[in-house]
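Undergrad: Here it is, the structure, as structure tokens.
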Amino acid sequence: MVNNDKFFTGQKPAAVLKHAVLMAYAYPYFSMVGRWHRGPMWLIDGYAGPGMYDADESGTQIDGSPIVALRLARKQRGFSPSRDVRCVFIEADSTFVAALRKNVQPFQKAGLHVEVLHGSVEDRLTEAWSRVAGNPVLTFIDPFGVSAVSKAIMTGLLLKPTHKSSEVLVNINVEAISRHGGYLQWDAAGDPEVRPGLSPNGVEKSDTFFGGLWWRRSFLEARDRYGDAGVAATVVVDEYREAIRAETGASSLVVPIRRSRTGALLFYFTLFYRHPGAGYKFADAAAIGQLKWREAFRQKDLEELRATEAAEPTLFGLDLAEEVNEVEANAREKALFDASVAHIEANILRMLAPLPSGQGIQAGANIVELLGDCMSLAGEKELRAAWNGLIKAQKVRKRASSPKELWKHYIIKQ
């Protein structure tokens, strides 16, 4: 088997998942908004990078988020009516900026609106937002560590209640928060302090992101309660999300990102949104992204298998080994699908249990509870299968129709 830890440390595996989720969500976001909005729509990338990354060992050059965004914008322009998706990319590294400007030129020459701003997110985001001028905008923040936008920027600019058509996709580094929290201890007075001899820099970065020192106490209390720094970090992130909701009215939904399928949690890919269908679409995008991620790992396993077979040929040869690999992968996907459907069916019945006959729950507004433990592994396909299964079992009523916008419908108790 391939060394998955080494695989994940490269750009490709992380990019496969994050960019698959970004594409799977941004596509319906701009498509849906473009139905009623005829002006420009914007995508702002706060940590753009060079646009393209060097080829990995397979020889494949890897698209960065700017190229992913521009391919999406080009596709949206071909719709009828055409969607005008404009992109602003912010990057602090001068070497990356030079590469980025070169990599976006083909799209600019094709007529797409692209701007590259050299500087930090803190310095250039306000300028980027001046371009938006009240039009719909999806802002993508995918930094290294926890050097993301400060809470003041999140609440004061991106998510102020007047910006109803603004959504923000932030990659929150749970591992870094756990590590920074590990620098903390209780002092003699029962207050959090940085351990003597350790640098406070990382802790102070988390202070900026969370908007104060409050998270330090929350982290230590959660770590004492659960005995696990990783769990404590997720508790702090959940409190942060709730604070954003209280101050701005924006809901949020997280997609967990791990080094391997069962590994420790590394990141929360987090969408802040207001539209009732956004959380539903993002949950489905997460499932699509996770499927592509699993396939990326399978292809990496196949590369290892081919290399081993070439070095030490076996009796049955490579064709049989590849066939077995595919059969086993299909079996795993079927088992995951079946388990997800059963889990969602149970969640539906539990949620409907206290309701009288004829009442129900809206799919979109309750997607987190409906997917439950299958969040990021299951999406609309699994929900539809569970829903249809309960209709067949006469546990819920038939839908009036089978629309594309399933999130709008109610699951009605029989």
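Undergrad: Could you tell me whether any residue of segment 171-179 is acidic (Asp, Glu) and in contact with a helix residue (DSSP H, G or I) (Cβ under 9 Å, 6 or more places away or on another chain)? Step through it out loud before you land on a result.
TA: First, the residues of segment 171-179 that are acidic (Asp, Glu): 175.
Subsequent filtering for residues that are in contact with a helix residue (DSSP H, G or I) (Cβ under 9 Å, 6 or more places away or on another chain) retains 175.
Scanning segment 171-179, I find at least one residue that is acidic (Asp, Glu) and in contact with a helix residue (DSSP H, G or I) (Cβ under 9 Å, 6 or more places away or on another chain), so the answer is yes.
Undergrad: Given the residues Lys18, Lys6, Lys12, which is the only one that is exposed (fewer than 14 other Cβ atoms within 10 Å of the Cβ), charged (D, E, K, R) and modelled with pLDDT under 90?
TA: Lys6
Undergrad: If you check Val116, Val146, Val137, Val132, which single one turns out to be touching a strand residue (DSSP E or B) at 6+ places or on another chain (Cβ under 9 Å), more than 22 Å from His275 (Cβ to Cβ) and at pLDDT 90 or above?
TA: Just one listed residue meets the conditions, Val116.
Undergrad: Moving on. Got at least one residue in segment 153-170 being aliphatic (A, V, I, L, M) and over 30 Å from Thr95 (Cβ atoms)?
TA: yes
Undergrad: Would it be correct to say that Ile361 is touching a residue at least 60 places away in the same chain (Cβ under 8 Å) and not in a helix (DSSP H, G or I)? Can you show your working first?
TA: Working: touching a residue at least 60 places away in the same chain (Cβ under 8 Å): no; not in a helix (DSSP H, G or I): yes.
Criteria not met by Ile361.
Undergrad: Scan segment 303-356 for residues that are within 15 Å of Gly379 (Cα to Cα), of a type in the set (D, E, K, R) and surrounded by 12 or more Cβ atoms within 10 Å (Cβ to Cβ) and jot them down.
TA: Glu333, Asp338, Glu345
Undergrad: If you don't mind, there's one more thing I want to ask. For segment 122-145, which residues satisfy the criterion of being among the β-branched types (Val, Ile, Thr) and crowded, with 21+ Cβ neighbours inside 10 Å?
TA: Val137, Thr139, Ile141
Undergrad: Would you point out which residue out of Leu220, Leu184 is in contact with a Lys or Arg (Cβ under 9 Å, 6 or more places away or on another chain), more than 16 Å from Tyr268 (Cβ to Cβ), at pLDDT 95 or above and surrounded by 15 or more Cβ atoms within 10 Å (Cβ to Cβ)?
TA: From the options Leu220, Leu184, the qualifying one is Leu184.
Undergrad: Among the numbered criteria (1) surrounded by 15 or more Cβ atoms within 10 Å (Cβ to Cβ); (2) under 24 Å from Glu167 (Cβ atoms); (3) among the small types (Gly, Ala, Ser), which one does Gly230 miss?
TA: (2)
Undergrad: With the structure loaded, tell me whether Gln394 is at positive phi, out of contact with any helix residue (DSSP H, G or I) (no Cβ under 6 Å at 6 or more places or on another chain) and not aromatic (Phe, Trp, Tyr) or whether it fails that test. Even if it seems obvious, please write down each step before you answer.
TA: Details: at positive phi: yes; out of contact with any helix residue (DSSP H, G or I) (no Cβ under 6 Å at 6 or more places or on another chain): yes; not aromatic (Phe, Trp, Tyr): yes.
Considered against the rule, which asks whether it is at positive phi, out of contact with any helix residue (DSSP H, G or I) (no Cβ under 6 Å at 6 or more places or on another chain) and not aromatic (Phe, Trp, Tyr), Gln394 comes out as yes.
Undergrad: Please determine, by comparing only the residues of segment 43-70 that are modelled with pLDDT of 85 or more and part of a loop (DSSP other than H, G, I, E, B), which one is nearest to Leu158 (Cα to Cα).
TA: Out of the qualifying residues, it is Gly46.
Undergrad: Looking at segment 249-263, can you tell me whether even one residue there is under 15 Å from Lys151 (Cα atoms) and surrounded by fewer than 18 Cβ atoms within 10 Å (Cβ to Cβ)?
TA: Within segment 249-263, one or more residues are under 15 Å from Lys151 (Cα atoms) and surrounded by fewer than 18 Cβ atoms within 10 Å (Cβ to Cβ).
Undergrad: Which of the residues that make up segment 373-401 are over 23 Å from Lys334 (Cβ atoms) and modelled with pLDDT under 95? Before the answer, list the steps.
TA: From segment 373-401, those over 23 Å from Lys334 (Cβ atoms) are 394-401; that's our starting set.
Lys398, Arg399, Ala400, Ser401 - these are the residues of segment 373-401 that are over 23 Å from Lys334 (Cβ atoms) and modelled with pLDDT under 95.
Undergrad: Output yes when any residue across segment 308-317 is assigned to a helix (DSSP H, G or I), touching a residue at least 40 places away in the same chain (Cβ under 8 Å) and not assigned by TED's automatic domain parsing to the domain that holds Leu253, and no when none is. Step through it out loud before you land on a result.
TA: If we filter segment 308-317 for residues that are assigned to a helix (DSSP H, G or I), which is where we start, we get 308-311, 317.
If we keep only those that are touching a residue at least 40 places away in the same chain (Cβ under 8 Å) as well, we get none.
Looking through segment 308-317, none of the residues is assigned to a helix (DSSP H, G or I), touching a residue at least 40 places away in the same chain (Cβ under 8 Å) and not assigned by TED's automatic domain parsing to the domain that holds Leu253.
The values are calculated or read from the model by the stated rules, or taken from the named source; none is laboratory data. All of these numbers come straight from a predicted model, not from anything done at the bench. Positions of Cβ are backbone-derived with ideal geometry, glycine not excepted, and every protein chain shown enters the neighbour counts.
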